[in-house]
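> Before I ask anything, here is the structure I am working with.
The values are calculated or read from the model by the stated rules, or taken from the named source; none is laboratory data. Note that the coordinates shown come from a computational prediction; the quantities given were computed from them, not determined experimentally. Cβ placement follows ideal geometry from the backbone for every residue including glycine, while neighbour counts extend to all protein chains displayed.
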Amino acid sequence: MGVLLGAALVGAGVTLIVAVTRHPPVAMSASGPSPGNPPETPPEDPGEWGDTLVTPQDLVTTYNYLADNLPPPAHDLLYNALYHASRTAADGTDQYFGIPDGLPGTTWAIKQGWGSSGTKAELNTTGLVGADARYVVIVLASAPLSAYRQLPVALTNGTAQLAGLVSGP
């Protein structure tokens, strides 16, 4: 499977952007973040690293880079954190939206993201899914700030639709 990209408007102005690929990648043509190849759009304020604009392809490329190029000590440290992400983040956010709650019974390693900026809310679920981290799954959600409370459910429901893609060998 190459990269499957899709976008859907799921109501209340919520937009989901999805990327799924099998690791190792079968067909990858775009480049993304790696040493010497930074994300396309850095934040206006360097202190606001969470505002860095990245594409789903950038994130897929990053996960593939981490899987294939990190030396064992760094790989083990990072994967331990991804595979053991706590349900509750340091700020009290339940971060089991998307991949964890949307793909129950599946092995996963996640990095979640959430926040708001001006009139826009964003929630992201990214990670490695399946036996031997077989799939890279990226689901990015954005909506008007007024729909922020609906984003976790929308993201989880959208991610659940990927179960058939990421459950096989």
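> For segment 70-88, check the following and say yes or no: at least one residue is within 18 Å of THR21 (Cβ to Cβ) and touching a His at 6+ places or on another chain (Cβ under 7 Å).
For segment 70-88, residues within 18 Å of THR21 (Cβ to Cβ) and touching a His at 6+ places or on another chain (Cβ under 7 Å): absent.
> Suppose the filter is over 18 Å from SER116 (Cβ atoms) and either touching a Pro at 6+ places or on another chain (Cβ under 8 Å) or modelled with pLDDT under 75 (or both); does VAL26 pass it?
Judged against the criteria, VAL26 is a match.
> Are there any pairs, at least 6 apart or on different chains, whose C-beta atoms fall under 6 Å, with the first in segment 122-137 and without any contact (Cβ under 8 Å) to a residue 60 or more places away in the chain and the second small (Gly, Ala, Ser) and outside any strand (DSSP E or B), and if so, which?
Between residues of segment 122-137 that are without any contact (Cβ under 8 Å) to a residue 60 or more places away in the chain and residues that are small (Gly, Ala, Ser) and outside any strand (DSSP E or B), the close pairs are THR125/GLY98.
> Here is a list of conditions, (1) at pLDDT below 80; (2) over 16 Å from VAL139 (Cα atoms); (3) surrounded by 11 or more Cβ atoms within 10 Å (Cβ to Cβ); (4) over 16 Å from the mean Cα position of the chain (by Cα), and VAL14 meets all of them except one; can you say which number that is?
Checking VAL14 against (1) at pLDDT below 80; (2) over 16 Å from VAL139 (Cα atoms); (3) surrounded by 11 or more Cβ atoms within 10 Å (Cβ to Cβ); (4) over 16 Å from the mean Cα position of the chain (by Cα), the one that fails is (2).
> Separate question: Anything in segment 120-157 that is more than 17 Å from ASP94 (Cβ to Cβ) and crowded, with 22+ Cβ neighbours inside 10 Å? List them, or say none.
Of everything in segment 120-157, those that are more than 17 Å from ASP94 (Cβ to Cβ) and crowded, with 22+ Cβ neighbours inside 10 Å turn out to be LEU128, VAL129, TYR135, VAL136, VAL137, ILE138, LEU140, ALA143.
> Right, next: With the condition kept exactly as written, say whether any residue in segment 59-71 is in contact (Cβ under 8 Å) with a residue 40 or more places away in the chain and either touching a helix residue (DSSP H, G or I) at 6+ places or on another chain (Cβ under 7 Å) or in a strand (DSSP E or B) (or both). Let's see the steps before the verdict.
Let us first name the residues in segment 59-71 that are in contact (Cβ under 8 Å) with a residue 40 or more places away in the chain, namely 59-60, 63-64, 67-68.
Subsequent filtering for residues that are either touching a helix residue (DSSP H, G or I) at 6+ places or on another chain (Cβ under 7 Å) or in a strand (DSSP E or B) (or both) retains 67.
Scanning segment 59-71 turns up at least one residue that is in contact (Cβ under 8 Å) with a residue 40 or more places away in the chain and either touching a helix residue (DSSP H, G or I) at 6+ places or on another chain (Cβ under 7 Å) or in a strand (DSSP E or B) (or both).
> Take the conditions touching a strand residue (DSSP E or B) at 6+ places or on another chain (Cβ under 6 Å) and either of a type in the set (A, V, I, L, M, F, W, C) or modelled with pLDDT of 75 or more (or both) and apply them to ALA19. Does it pass? I'd like the intermediate steps shown before the answer.
Details: touching a strand residue (DSSP E or B) at 6+ places or on another chain (Cβ under 6 Å): yes; either of a type in the set (A, V, I, L, M, F, W, C) or modelled with pLDDT of 75 or more (or both): yes.
For ALA19, the condition - touching a strand residue (DSSP E or B) at 6+ places or on another chain (Cβ under 6 Å) and either of a type in the set (A, V, I, L, M, F, W, C) or modelled with pLDDT of 75 or more (or both) - is met.
> Right, something else. Pick from segment 92-110 the residues that are in contact (Cβ under 8 Å) with a residue 12 or more places away in the chain and in a loop (DSSP other than H, G, I, E, B): which of them is farthest from LEU66 (Cα to Cα)?
The extreme case among them is THR93.
> Hey, among the residues in segment 158-169 that are buried (at least 19 other Cβ atoms within 10 Å of the Cβ) and assigned to a helix (DSSP H, G or I), which one's modelled with the lowest pLDDT? Steps first, please.
Going through segment 158-169, the residues buried (at least 19 other Cβ atoms within 10 Å of the Cβ) turn out to be 158-159, 162, 166.
Checking which are assigned to a helix (DSSP H, G or I) leaves us with 158-159, 166.
On the way: GLY158: 90, THR159: 93, VAL166: 86.
It comes out as VAL166.
> I need the full set of residues from segment 83-119 which are among the small types (Gly, Ala, Ser) and either at positive phi or crowded, with 19+ Cβ neighbours inside 10 Å (or both), in order please. Spell out how you get there, then give the answer.
Quick first cut of segment 83-119, residues among the small types (Gly, Ala, Ser) only: 85-86, 89-90, 92, 98, 102, 105, 109, 113, 115-118.
Answer for segment 83-119, where residues must be among the small types (Gly, Ala, Ser) and either at positive phi or crowded, with 19+ Cβ neighbours inside 10 Å (or both): GLY92, GLY98, GLY102, GLY105, ALA109, GLY115, GLY118.
> Let me ask something else about it. With in contact with a His (Cβ under 7 Å, 6 or more places away or on another chain) and at pLDDT 90 or above as the only criterion, which of VAL136, VAL153, VAL129 stands out? First the steps, then the outcome.
Values: VAL153 fails: in contact with a His (Cβ under 7 Å, 6 or more places away or on another chain); VAL129 fails: in contact with a His (Cβ under 7 Å, 6 or more places away or on another chain).
Only one candidate qualifies: VAL136.
> Does LEU140 fit the bill of being assigned to a strand (DSSP E or B), within 20 Å of VAL18 (Cα to Cα), in contact with a Pro (Cβ under 7 Å, 6 or more places away or on another chain) and in contact (Cβ under 8 Å) with a residue 40 or more places away in the chain? Let's see the steps before the verdict.
Details: assigned to a strand (DSSP E or B): yes; within 20 Å of VAL18 (Cα to Cα): yes; in contact with a Pro (Cβ under 7 Å, 6 or more places away or on another chain): yes; in contact (Cβ under 8 Å) with a residue 40 or more places away in the chain: yes.
When the stated conditions are applied, LEU140 passes them.
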